[in-house]
Amino acid sequence: MAITDKLHLAYRLFDEANGQDPNTEEYKGKAYPKEVLYAIRMTDKLKEFAPNASETLLLAARCQHIRRWEIPRETYEMNRAGYLKWRQDLKKFHAQKAAVILRGIGYSKETIDSVCILLEKKQLKKNQDTQTLEDVVCLVFLEFYFESFAQKHPEEKTLEILQKTWRKMSEKGRSAALALPLTPESLQLVKKAIGE
């Protein structure tokens, strides 16, 4: 889909919001605010995975983690219940932040509601756009964040996370995952997790 002026403006405002992230990540010799780099990776991966994605899906991918650092994981109990509560609160937080920006640009209530449904991961496996967004989230995690995750956790935990990730993905997403430029070690872990 062509980038409209309104979509381009939304990207710019999302990136400005994420540009205040105090956490940085270096990629190809350049330092980025962490959530700006994540947003760019989400947009690039969506274009590659679903080149005809709707404007709603393009918007949701770009603001998937908007201002995530404002709700740190360590402010919740460090157990499964705390993790799940953190994730649920984040989804609502991202939807609220995105809605304010989109309203300010003049997007319709229908479009904003659709973006919020995607950010809150509603109707996974039923709504095609929600599933596509989830596939892209998983692909970005596997390509750019999995290796460092695996180095910090025991293999048992890593395999469990991979299996959960795999369950969330469509067959198209799984095929794309196996074609990612993973290190041999990462690919071996993925194959072990999915029983290949």
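Every number in this text was worked out from the coordinates using simple rules, so none of it is lab data. What you see is a predicted model; the values in this text were computed from it and never measured. Counting neighbours? That spans all protein chains shown, and the Cβs are built from the backbone with ideal geometry, glycine included.
What is the spin-label model distance, in nm, from K30 to E110 if the labels are put 7 Å beyond Cα along the C-beta direction?
In this crude spin-label approximation the distance works out to 3.7 nm.
What percent does the relative contact order of the chain come to when contacts are Cα pairs within less than 8 Å and at least six residues apart?
18
Within a Cβ distance under 10 Å of F14, other residues only, what is the Lys/Arg minus Asp/Glu net charge?
Values: positive: R12, R62, R67, K97; negative: D15, E16, E35.
Around F14, the surrounding residues sum to +1.
Taking the chain as the reference, fit the longest principal axis to its C-alpha atoms, fit the long axis of helix 155-168 to the helix C-alpha atoms, and give the angle between the two in degrees, 0 to 90, nearest 10.
50
Two decimals is fine: what's Rg over Rh for the chain, C-alpha atoms, Kirkwood radius as Rh? Present the calculation step by step, with values, prior to reporting the outcome.
Numbers: Rg = 16.7 Å, Rh = 17.5 Å.
Radius of gyration over Kirkwood radius for the chain works out to 0.95.
For the chain, set up a GNM with springs between Cα atoms under 10 Å and report which of T132, T43, T158 has the largest fluctuation.
Evaluated over the chain, the most mobile residue of the options is T158.
Can you give the extra length, in nm with one decimal, that the chain gains between M78 and D44 once fully stretched, where that is 0.36 nm per residue apart less the Cα-Cα distance?
So the chain would gain 9.0 nm between M78 and D44.
Pop a pseudo-label 7 angstrom from the Cα along the beta-carbon direction at both T183 and Q163 and give the gap in nm to one decimal.
The modelled label-to-label distance comes out at 2.4 nm.
For segment 84-196, rounded, prolate or oblate, judged on the Cα gyration tensor with a ≥ b ≥ c (square roots of eigenvalues), a/c < 1.5 rounded, else prolate if a/b > b/c?
prolate
Could you give the nm distance between label points at I194 and K152, where each point is 7 Å from its Cα heading toward the beta carbon?
Distance between label points: 2.5 nm.
Specify the inter-centroid distance of segment 138-172 and segment 63-101, based on alpha-carbon positions, in whole Å.
20
Report the full-extension gain for the segment D5 to W69: residue separation times 0.36 nm, less the Cα-Cα distance, to one decimal in nm.
Residue separation times 0.36 nm, minus the Cα-Cα distance, leaves 20.2 nm.
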